[in-house]
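Report on the following structure.
The values are calculated or read from the model by the stated rules, or taken from the named source; none is laboratory data. Quick caveat, the model's predicted, so the values are computed rather than measured. Cβ atoms come from the backbone with ideal geometry, glycine included; neighbour counts cover every protein chain shown. Surface areas here come from the heavy atoms of the whole protein model, side chains and all, with no ligands, DNA or RNA. Shrake-Rupley method; radii C 1.70, N 1.55, O 1.52, S 1.80 Å.
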Amino acid sequence: MATERYNARDVEARWQKTWNDKNVFVTNNDDPREKYYVLEMFPYPSGRIHMGHVRNYAMGDVVARYKRAKGFNVLHPMGWDAFGMPAENAAMQNKVHPKDWTYENIAFMRDQLKIMGLSLDWSREFATCDVEYYTQQQRLFLQFLEAGLVYRKNAKVNWDPVDMTVLANEQVIDGRGWRSGALVEQRELTQWFFKISDYSEDLLEALDTLDRWPDKVRLMQKNWIGRSEGLRVRFEFTTPAPTGDKVLEIFTTRPDTLFGASFMGLSPDHPISAKLAETNPELKAFIEECRRIGTSEEAIEKAEKKGIDTGLRVKHPLDDSIELPVYVANFILMDYGTGAIFACPAHDQRDLDFARKYGLPVKPVVLPKDADPATFEIGDEAFTDDGAIFNSGFMDGMSIADAKEAVAKKLEAITIDGAPQATRQVNYRLRDWGISRQRYWGCPIPVIHCDDCGVVPEKDENLPVQLPDDINFDKPGNPLDRHPTWRNTTCPKCGKAARRETDTMDTFVDSSWYFARFTEPRCDRPTDPKAANDWLPVDQYIGGIEHAILHLLYSRFFTRAMQKVGALDLKEPFKGLFTQGMVTHETYRLGDGANGQWVSPAEIKIEDVDGTRSATMISSGEPVTIGSIEKMSKSKKNTVDPTDIIETYGADTARWFMLSDSPPERDVIWTEEGVQGSWRFVQRVWRLIGDIAEKTGPRGAAPAFSDAAAGLRGATHKTLAAVSKDLESLGFNRAVARIYEFVNQIGKALHDGVDSPDMAYAVREAGEYLTQMMAPMMPHLAEECWQALGQKGLISETAWPAVDESLLVDDTVTLPIQINGKKRGEITVQRDASKEAVEAATLQLDFVQRVLEGRAPRKIIVVPQRIVNVVA
Ligand code: ANZ
Ligand code: ZN
């Protein structure tokens, strides 16, 4: 048996069948053991799994298998994030129904995942496009609506004229639709919103409690929420405003710079701008021009700063003699603060660009440290750092913080037009979440439009509002709008003919609660609160950094919203978060490499002559240039197909290589040589275990151990302790490195011979522990080895071995040797060696014998574990 080559293909299929037949990974909610929930971000069923998935799921599976062995009741489910645009694009391009396309992809990808040997509870699988799932999502929506967490409002949206859909800000890249590439337009639409802003402060504060999240993710969320403390300040008009307002209210975070005010700015969407535009064609044209920039902050930030003087004037709140002009300016957003600002060009770059363009004053009021107030001037760059206030009357000499406080106090105490001139305000960048999408392949929003009753929620007992199957994609836009009958329904309130809402939900809604659904996936409510509370939060969530902001923030909001409607009782869904690095690969291009067509690793052959690598096309022998290492992507053709790899080398090899080569948070470079190295290791382990099985018998009672046997046992238990620690902290590559070393140690021991019972025991133990340690990473090989070692039962169901702590202490000590009171050298002995044994060993030493010159010592004193004194 030991000489037989390990045939991963047969072995892996066999063990997968056994696990499946025995329901080894089906999790029972009533199991009394401590619970552990490990989850990888579920995939979008695009058609095939890619190496990024393999890496992600291999990591999650190691955690799941390790925790199971540690005695936890582990939940490790899998599902599909299955709604979204690609299915509709496929429908349009290939005349296939989005539903068929999606479910066919799921079937294919499920098989791909199954050959990876993941310890998943497939009985809990669902796709977000399953009617059962989106029914419960509609139920949640209605509960949120009733709880005041959902509302409708008119909103300016990014409209993609080719895909005929609203785009989120993140989907607009350089003013164009991310998918279609079309120039994005602005439209006003009535949209559905989730009130995530109700939780701005809570979402921000609770970041501090997420101590098992990467710092960078917490920081990204913090910046996204964007809390800022500032003042609302009311400036009195000295010319009549067209809206009849007496004051212009602005929001500022820098009231300390008030004396540097140069002009006022209004958003193009400010009511005063709109009113003025009615009679001012130039302004009207300018406002329309602004609309074309897009709604994203990024686009606005990038655009050249432009504006128009309205002719209106306001009074400076701290100095009656100063009058400030009011401009409409393109860089001011209506939905932040009050949609109006005072501008201080010396200390704000946007204001400075604007002031330089229109020749407005630039007066510095914050003096950099060590600068001379008499000569300090602003050039092309605003001064935004810390300094001391100057040119500012009563604030002169103050720090920025003190000045902010002083202005606030002063203005709060003044009353104009019946209200304080300033009030303190906290602002958040975080906007409410617009979830309306004008698409077919999403969860229908379960509301009805009635001419008499307005917007009416669908009745719970009428759920689901099911997507119609008979649709066509002949024209762009939303097929639900065009469907001849689907829209027609009756009003749940008055019973008259009414129309269904045709918007569907943003697919981020689907992924904001799937982790809760997995805890009781067939429940006829969104969740079973007991199951959700028992399992959640997810102990270890693993996924890509690209979801660091939106998906995680929305899920955190959803958990709070679900708590509010009683679906569960907690706030934070993910206790531990891990973001894994990407899988990269060399790139290859035909010809000299500059503009040659990309070619895939499978199409080329690489030769290595004295360390110089060169590549040619397998088909034609054409030369190929080897390029840089990049994230695997279809566009650069530098992908390898997981199924090909698994069929060639086996799942264990692919998993092992993925886990071995670099720390899991870093990028890993996929190389053929690397995979082959892993494959050779698999073979080596198999031979090693075969040898052990042949040369040693089952372990009985522990015999007395020689130094060599004790040494190997020490290595075994030290490796076990270290690997356990590595797996606890997701240090997979470290665990792998230790296992490599351990295999070398076992190999050496085998080579030295295992004829004595103590060596046989130690080697057998080492082989068993090795098998158990590698089981989370290479589960098929481990099962096979376990069986070869004559073990009963599945290793997947076997407890993690216990570390014998006594074997962790180093079992030798090094003692200094003094001869006649002077240190002459050292001796290394067993820690528990007897005094007589140490004495005898000391007398054997060369340097001791030289001093004694053949005589016996007058005296020899051994202080155990401390020192040896020889009196010559
Ligand atoms: C005067 C000032 C002076 C400002 C200065 C900055 C520097 P954060 O920190 O992001 O909250 N602002 C206020 N409302 C705005 C809007 N609707 N659109 C664009 N800009 C707006 O930013 C707050 C600062 O952004 C505010 O403080 C305001 O400019 C500007 F030396 O007021 B500041
Ligand atoms: Zn009605």
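Things worth noting here:
- So L463, is it more than 16 Å from ligand 1 (Cβ to nearest atom), open to solvent by less than 70 Å² (accessible area, probe 1.4 Å), within 23 Å of C129 (Cα to Cα) and free of Cβ contacts under 8 Å to residues at least 60 places away in the same chain: no
- Highlighted here are the helices (runs of 4 or more DSSP H) found entirely within region 635-743 that include at least 3 residues which are open to solvent by less than 10 Å² (accessible area, probe 1.4 Å) and within 30 Å of Q597 (Cβ to Cβ): 651-660.
- Taken over region 396-423, residues that are surrounded by fewer than 21 Cβ atoms within 10 Å (Cβ to Cβ), β-branched (V, I, T) and in contact (Cβ under 8 Å) with a residue 24 or more places away in the chain amount to 4.
- Looking only at region 127-178, and only at residues there that are at pLDDT 95 or above and among the aromatic types (F, W, Y), the one that is farthest from I448 (Cα to Cα): Y133
- Residue that is nearest to ligand 2 (Cβ to nearest atom) [pool: residues in region 449-479 that are assigned to a helix (DSSP H, G or I) and out of contact with any Lys or Arg (no Cβ under 7 Å at 6 or more places or on another chain)]: N462
- Residue within region 330-338 that is open to solvent by 20 Å² or more (accessible area, probe 1.4 Å), assigned to a strand (DSSP E or B) and either within 23 Å of E282 (Cα to Cα) or among the aromatic types (F, W, Y) (or both) present: no
- Entry remark, region 179-200: residues being part of a helix (DSSP H, G or I) and in contact (Cβ under 8 Å) with a residue 60 or more places away in the chain number 4 in total.
- Residue in region 449-459 that is nearest to ligand 1 (Cβ to nearest atom), counting only those that are closer than 15 Å to E146 by Cβ and surrounded by 13 or more Cβ atoms within 10 Å (Cβ to Cβ): V455
- Looking across region 43-53 at every residue that is open to solvent by less than 20 Å² (accessible area, probe 1.4 Å) and either of a type in the set (S, T, Y) or touching a strand residue (DSSP E or B) at 6+ places or on another chain (Cβ under 8 Å) (or both), the one that is nearest to A87 (Cα to Cα) is identified as P45.
- V426 passes every criterion in (1) buried (at least 20 other Cβ atoms within 10 Å of the Cβ); (2) within 16 Å of ligand 1 (Cβ to nearest atom); (3) among the β-branched types (V, I, T) apart from (1).
- Candidates A371, A343, A355, A303, filtered to the one that is out of contact with any strand residue (DSSP E or B) (no Cβ under 6 Å at 6 or more places or on another chain) and open to solvent by less than 20 Å² (accessible area, probe 1.4 Å): A355
- Considering residues of region 211-244 that are open to solvent by 70 Å² or more (accessible area, probe 1.4 Å) and part of a loop (DSSP other than H, G, I, E, B) only, the residue farthest from ligand 2 (Cβ to nearest atom): D211
- Test: residue in region 133-149 that is open to solvent by 40 Å² or more (accessible area, probe 1.4 Å) and either within 30 Å of S724 (Cα to Cα) or not in a helix (DSSP H, G or I) (or both): no
- So G591, is it in contact with a Lys or Arg (Cβ under 9 Å, 6 or more places away or on another chain), over 21 Å from Y134 (Cβ atoms) and not hydroxyl-bearing (S, T, Y): no
- Set P86, P98: member being in contact with a Ser or Thr (Cβ under 8 Å, 6 or more places away or on another chain), surrounded by 15 or more Cβ atoms within 10 Å (Cβ to Cβ) and on the phi < 0 side of the Ramachandran plot: P86
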